[in-house]
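J.: Just dropping this structure here.
The values are calculated or read from the model by the stated rules, or taken from the named source; none is laboratory data. Here the structure is a predicted model, which is why all the values come from computation and not from measurement. For neighbour counting, all protein chains shown are included, and Cβ atoms are generated from backbone atoms with ideal geometry for every residue, glycine included. Side chains are part of the model used for accessible areas, which takes the heavy atoms of the whole protein and leaves out ligands, DNA and RNA. Shrake-Rupley method; radii C 1.70, N 1.55, O 1.52, S 1.80 Å.
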Amino acid sequence: MRPLIDRSVGNLPCPDEALLAEARRTAPDPSAHAAFLQRIDAFHILEFQPAREAEACPDRLRIAALNAERLTRPDAVVRLKERTGADVLLLSEADIGMARSGNVHTVRDVAGAAGDGYVFGVEFVELDLGDREEMHRHAGGRNVCGLHGNAIVSGLALERPHLIPLEESGRWFAGFEGAQRRIGGRIALAARVAGAPKPLWVVSLHLESKTDAADRQAQIRNLLQALDRLAPGEACIIGGDFNTKALPKGEGDQPLLIEEPDRFEPLFADLREAGFSWAGANLAAPTQRDSLSKAHPRPFGTLDWLFVRGAAAKNPQVVPSLDEEGRPISDHEMVVVDVSFDT
């Protein structure tokens with residue numbers, strides 16, 4: 001697997017189209033996938049833009065995490081961030097140069113109006129226009145860059161950005177249901193908040209969806225090993241889409257989501273052992289929703305989480321990811337928590 005990545009640029013390079021055409025013609029085996037992963041420059045650097053005029057770090061921070069479902073509606077995400085008052089927004093499923101999201105730099109559009117800074121890391125280079133529905137909807141279109149990944153957006157000063165590879169199995173190289181061929185693997189992004197009362201890291205995470213609880217635990221162990229190197233014992237907030245699909249969904253089971261989630265998803269035990277808590281940072285509530293393009297089976301699952309170490313977590317919220325007209329922004333709700341250092 002790739003080592004931790006800390007080299008950053010102002011603009012990630014788009015993959016060479018001839019190389020992508022070669023990848024599309026190549027039989028989808030793991031060794032071929034690994035070779036393409038090494039050959040694409042965007043997998044080995046970060047995109048980092050500091051805030052235009054960085055704000056001072058407040059005594060109490062509000063952290064929000066959202067799987068933005070391709071981030072097709074950056075303006076609506078900006079307004080949702082403003083309504084929640086988030087100081088730091090942890091994003092997953094953000095596109096750069098994808099036909100399905102308007103062939104724009106979606107993260108830059110979220111950061112731009114307010115002059116926020118951001119870190120973006122590539123999770124996948126997309127060889128198709130997306131999943132089967134997206135390929136149908138955007139038939140005849142073309143991706144101008146084809147990058148998809150995670151981001152951290154904030155008006156605060158961020159420093160020491162890192163990309164942490166979590167898995168590189170290549171399971172998406174063959175695609176699913178005849179669509180969505182991809183190069184890459186799941187990642188986390190980490191950055192330190194400059195000027196915090198004590199060293200504080202924020203981490204945006206997206207675990208694999210097409211797998212099981214044991215594999216998700218292995219990805220979390222890779223993350224924790226990296227944090228042991230980057231931020232040993234330091235305050236840290238991890239947020240994102242953990243794809244915790246083994247958790248119970250029944251109304252009567254909701255207390256178990258906070259009290260005993262490790263019975264179903266062993267990654268919770270690993271995070272607890274590393275000093276992270278979830279009890280004060282989350283509600284026992286579903287975080288899935290139907291979006292304009294996707295409907296989920298009922299009952300909805302609890303997939304999105306915030307974990308806190310070295311700080312006090314208060315006021316957890318599950319915020320509906322709706323615009324002012326009540327239209328969905330994503331197929332995930334936003335999760336929010338306030339953190340302070342009065343521990």
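J.: Given the residues Val153, Val202, which is the only one that is touching a helix residue (DSSP H, G or I) at 6+ places or on another chain (Cβ under 6 Å), over 26 Å from Ala18 (Cβ atoms), in contact (Cβ under 8 Å) with a residue 60 or more places away in the chain and surrounded by 19 or more Cβ atoms within 10 Å (Cβ to Cβ)?
T.: When all the criteria are applied, what remains is Val153.
J.: For region 302-327, which residues satisfy the criterion of being among the acidic types (Asp, Glu) and open to solvent by 20 Å² or more (accessible area, probe 1.4 Å)?
T.: Hits for region 302-327 are Glu324, Glu325.
J.: For Leu189, state whether it is within 21 Å of Phe43 (Cα to Cα), of a type outside the set (D, E, K, R), out of contact with any Asp or Glu (no Cβ under 8 Å at 6 or more places or on another chain) and open to solvent by less than 10 Å² (accessible area, probe 1.4 Å).
T.: yes
J.: Within region 1-26, work out how many residues are outside any helix (DSSP H, G or I) and either aliphatic (A, V, I, L, M) or touching a His at 6+ places or on another chain (Cβ under 6 Å) (or both).
T.: Quick first cut of region 1-26, residues outside any helix (DSSP H, G or I) only: 1-16, 26.
Keeping just the survivors that are either aliphatic (A, V, I, L, M) or touching a His at 6+ places or on another chain (Cβ under 6 Å) (or both) gives 1, 4-6, 9, 12.
Residues that pass the stated criteria total 6.
J.: Looking at this structure, is Phe48 aromatic (Phe, Trp, Tyr) and out of contact with any helix residue (DSSP H, G or I) (no Cβ under 7 Å at 6 or more places or on another chain)? It would help to see each step written out before you state the result.
T.: Values: aromatic (Phe, Trp, Tyr): yes; out of contact with any helix residue (DSSP H, G or I) (no Cβ under 7 Å at 6 or more places or on another chain): yes.
Answer is yes for this residue.
J.: Keeping to region 58-89, report how many residues are more than 25 Å from Gly301 (Cα to Cα) and open to solvent by less than 20 Å² (accessible area, probe 1.4 Å).
T.: Number satisfying all stated conditions: 1.
J.: Checking Leu12 against (1) touching a helix residue (DSSP H, G or I) at 6+ places or on another chain (Cβ under 6 Å); (2) surrounded by fewer than 22 Cβ atoms within 10 Å (Cβ to Cβ), which single condition isn't satisfied?
T.: Here Leu12 clears every test but (2).
J.: Taking Ala269 as the residue in question, decide whether it is without any contact (Cβ under 8 Å) to a residue 24 or more places away in the chain and not in a loop (DSSP other than H, G, I, E, B). Lay out the reasoning, then the answer.
T.: Working: without any contact (Cβ under 8 Å) to a residue 24 or more places away in the chain: yes; not in a loop (DSSP other than H, G, I, E, B): yes.
Judged against the criteria, Ala269 is a match.
J.: Identify all residues within region 35-51 that are within 13 Å of Val125 (Cα to Cα), of a type in the set (A, V, I, L, M, F, W, C) and in a helix (DSSP H, G or I); write none if there are none.
T.: Answer for region 35-51, where residues must be within 13 Å of Val125 (Cα to Cα), of a type in the set (A, V, I, L, M, F, W, C) and in a helix (DSSP H, G or I): Phe36, Leu37, Ala42, Phe43.
J.: On the basis of being out of contact with any Gly (no Cβ under 6 Å at 6 or more places or on another chain) and either under 30 Å from Arg73 (Cβ atoms) or free of Cβ contacts under 8 Å to residues at least 12 places away in the same chain (or both), does Ala311 make the cut?
T.: Taking the combined requirement at face value, the residue does not satisfy it.
J.: Search region 96-109 for residues being under 29 Å from Ala56 (Cα atoms), of a type outside the set (A, V, I, L, M) and in contact with a strand residue (DSSP E or B) (Cβ under 8 Å, 6 or more places away or on another chain), and hand back the single one that is surrounded by the fewest Cβ atoms within 10 Å (Cβ to Cβ).
T.: Arg108
J.: Within region 55-72, is there a residue that is in a helix (DSSP H, G or I), in contact (Cβ under 8 Å) with a residue 40 or more places away in the chain, hydrophobic (A, V, I, L, M, F, W, C) and closer than 30 Å to Glu17 by Cβ?
T.: no
J.: Identify, by number, the condition in (1) within 26 Å of Ile5 (Cα to Cα); (2) small (Gly, Ala, Ser); (3) open to solvent by 20 Å² or more (accessible area, probe 1.4 Å) that Ser92 doesn't meet.
T.: Against the list (1) within 26 Å of Ile5 (Cα to Cα); (2) small (Gly, Ala, Ser); (3) open to solvent by 20 Å² or more (accessible area, probe 1.4 Å), Ser92 comes up short only on (3).
J.: Then there is this: Hey, could you check region 199-218 for residues that are of a type in the set (A, V, I, L, M) and part of a strand (DSSP E or B) and say which is farthest from Leu189 (Cα to Cα)?
T.: Ranking the candidates gives Leu200 first.
J.: Taking Gln225 as meeting all but one of (1) open to solvent by less than 10 Å² (accessible area, probe 1.4 Å); (2) within 19 Å of the chain's Cα centre (by Cα); (3) farther than 23 Å from Asp87 by Cα, write down the number of the exception.
T.: Of everything listed in (1) open to solvent by less than 10 Å² (accessible area, probe 1.4 Å); (2) within 19 Å of the chain's Cα centre (by Cα); (3) farther than 23 Å from Asp87 by Cα, Gln225 misses just condition (1).
J.: Which is in a loop (DSSP other than H, G, I, E, B), farther than 15 Å from Arg83 by Cβ, open to solvent by less than 30 Å² (accessible area, probe 1.4 Å) and in contact (Cβ under 8 Å) with a residue 24 or more places away in the chain, of Ser330, Ser291?
T.: The unique qualifying residue is Ser291.
J.: Within region 175-184, which residues are surrounded by fewer than 24 Cβ atoms within 10 Å (Cβ to Cβ) and either of a type outside the set (D, E, K, R) or over 20 Å from the mean Cα position of the chain (by Cα) (or both)?
T.: Gly175, Phe176, Glu177, Gly178, Ala179, Gln180
J.: Now for a different question. Return yes when Phe268 is of a type in the set (A, V, I, L, M, F, W, C), over 24 Å from Asn315 (Cβ atoms) and surrounded by 15 or more Cβ atoms within 10 Å (Cβ to Cβ) and no when it is not.
T.: No, not satisfied.
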